[in-house]
1. With the checklist (1) at pLDDT 95 or above; (2) surrounded by fewer than 22 Cβ atoms within 10 Å (Cβ to Cβ); (3) out of contact with any Asp or Glu (no Cβ under 8 Å at 6 or more places or on another chain) in hand, flag the one item VAL477 doesn't pass.
2. Among the residues of the stretch 352-375, write down those that are touching a helix residue (DSSP H, G or I) at 6+ places or on another chain (Cβ under 7 Å) and in contact (Cβ under 8 Å) with a residue 60 or more places away in the chain.
3. Anything in the stretch 399-429 that is among the acidic types (Asp, Glu) and under 16 Å from SER330 (Cβ atoms)? List them, or say none.
4. Given (1) in contact with a Lys or Arg (Cβ under 6 Å, 6 or more places away or on another chain); (2) closer than 22 Å to ALA41 by Cβ; (3) without any contact (Cβ under 8 Å) to a residue 24 or more places away in the chain, where does ASP296 come up short, assuming only one miss?
5. Yes or no: ARG306 of a type outside the set (Val, Ile, Thr) and either farther than 30 Å from VAL425 by Cα or touching a strand residue (DSSP E or B) at 6+ places or on another chain (Cβ under 7 Å) (or both)?
6. When you scan the stretch 44-98 for strands (runs of 3 or more DSSP E) that lie fully inside it, which ones turn up with 1 or more residues that are crowded, with 19+ Cβ neighbours inside 10 Å, modelled with pLDDT under 95 and hydrophobic (A, V, I, L, M, F, W, C)?
7. Restricting to the stretch 344-385, what's the tally of residues that are in contact with an Asp or Glu (Cβ under 7 Å, 6 or more places away or on another chain), polar (S, T, N, Q) and within 20 Å of THR244 (Cβ to Cβ)?
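The values are calculated or read from the model by the stated rules, or taken from the named source; none is laboratory data. Computed from a prediction, not measured in an experiment: that's the story for all the values here. Note that we place each Cβ from the backbone using ideal geometry, even for glycine, and neighbour counts take in every protein chain shown.
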Amino acid sequence: MPAPQPEDVRPRPMRSRAVRIVVVGGGIAGLAAAHRLVELAAAQQVPLDLILLEARDRLGGIIATERIEDFLVEGGPDSFLAEKPWASALCERLGIADHLIPTRDTHRRTFVVDRGRLVPLPDGFLVLGPSRLIPAWRSPLLSWRGKARMTMELLLPRGRVDGDESVGGFVTRRFGREVLDRVVQPLVSGIYGADPSTVSLAATMPRFMEMERRYRSITWALARSRARRRGAAGSGPRWNLFVTPAEGMEALVTCLARRLPPASLRLRRRVTAVGQSAGPHPWRVDLVDGTAIMSDAVILATPAPRTARLVSSVDPELGRLLEAVPYASSATVTLAYRRTDLRHPLDGFGFVVPQTEGRPVLACTFSSVKYPGRAPDDHVLLRAFMGGAAHRGLLDRDDESLVASAAQEFAALLGVHAPPRLARVHRHAAAMPHYLVGHAERVAAMRAHAARYPGLALAGNAYEGIGIPDCIHSGEVAAEQVMAAAAGRPDKAPAPAFRVSPIR
């Protein structure tokens, strides 16, 4: 007897009228939503009229890969975290999982800029705290007072914090100000482009809250987790968890687009508003050219401020909540050099820069060291990250000025003594949402408001995670919600919620 299928994909009688669903936004969240709709429609035998509207002339959002001569340049994210299953699972379904490559086996470490020199991040330091104290004590990044304060964390009681707190407040409370300024701040800014004193711990790194709740000491909890990983069969360095398509991140975008009905993709179609309709299709999507598309459901996979403007006529309070999510702009500056043009051995994957150093660069990735196939063997490819909350005015400068700043930093920190052979600037205007303290509660309120309107769903990096897997998951959950609503089964729609990562 064949195994029963899950209820949400069990075949059903073919409908006489196709379900029309509009996805607004062609970034990775919108593409994942559209792809999931196609999967669900096929599994449930529901005729689907899918329309994906993208205002720009290309798909993928900030994901952009360029092949320039023998260099592979990533304009946006260069990889994704395989520990979160949604991106890896999508690659499996797309048939490209065997194209994913991990980071190289050698030089799996990060440097921190300290008084103009690159110092290795202490072995076992995991974003907010150490899993090993001896390497941290040996590191020149901290003074003896800072090391003593960090070690005291083993003896501190659980905090008496009601509700959410900032990442900066948590780290200062547990490990001291010096650990925050010299180590955690550059790591957090490199990930989120934001000041840790404003970033929500519950929304970004909830597992550290859970560690304190369960084990009291973060250091002890991290050490316990490290020992468990080392003892597990097949376990390895955490860098193994980052993977990327060998052809670059845009290969994921291209593969997704090819799986969608060609007629469903509509580029250079800017949406001005979304509203409800009294006709056979309950939703209306207005375009800038004055036309409108009537649909059974709408997925808004656009940045929160843009989504706010689209839904403000439907629910002003939802619009207000969305508008309150702040965003920062950033740029990547990619430079290529001959290997002989650098004095630094590049025996790591890159470096991060504390704000106290007063430099215009937030971080740098040694792209050709981190992944193979990014540059010829006798060249190196370096990628600087600029902008974020700390350098908002920097991106007002032209590309030539940004290239000159990055080259100057590489000369000072890496001993570069020649002009770059290749230079490429990618700008991302208002692309990085900041999860401020209380973000989880605000997102819960957004979800509650959106749930009042069957057939409306929100997706993207403004809600429960900024990474590629999080965006994919948000798009797929949105697809399942609107498909259930359009098929008259809103009780089967999954309810998104913040996910607390397990302590590993």
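1. It fails just one condition, (2).
2. VAL352, VAL353, PRO354, GLN355, THR356, ARG359, LEU362, ALA363, ARG374, ALA375
3. ASP399, GLU409
4. Every condition holds for ASP296 apart from (3).
5. No: the conditions fail for ARG306.
6. Result: 48-54.
7. The total comes to 2.
Residues checked against (1) surrounded by fewer than 16 Cβ atoms within 10 Å (Cβ to Cβ); (2) in the same structural domain as GLY373 (by TED's automatic domain parsing); (3) over 24 Å from the mean Cα position of the chain (by Cα); (4) not hydroxyl-bearing (Ser, Thr, Tyr):
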position	(1), (2), (3), (4)
ARG108	no, no, no, yes
ARG117	yes, no, yes, yes
SER143	yes, no, yes, no
GLY169	no, no, no, yes
VAL184	no, no, no, yes
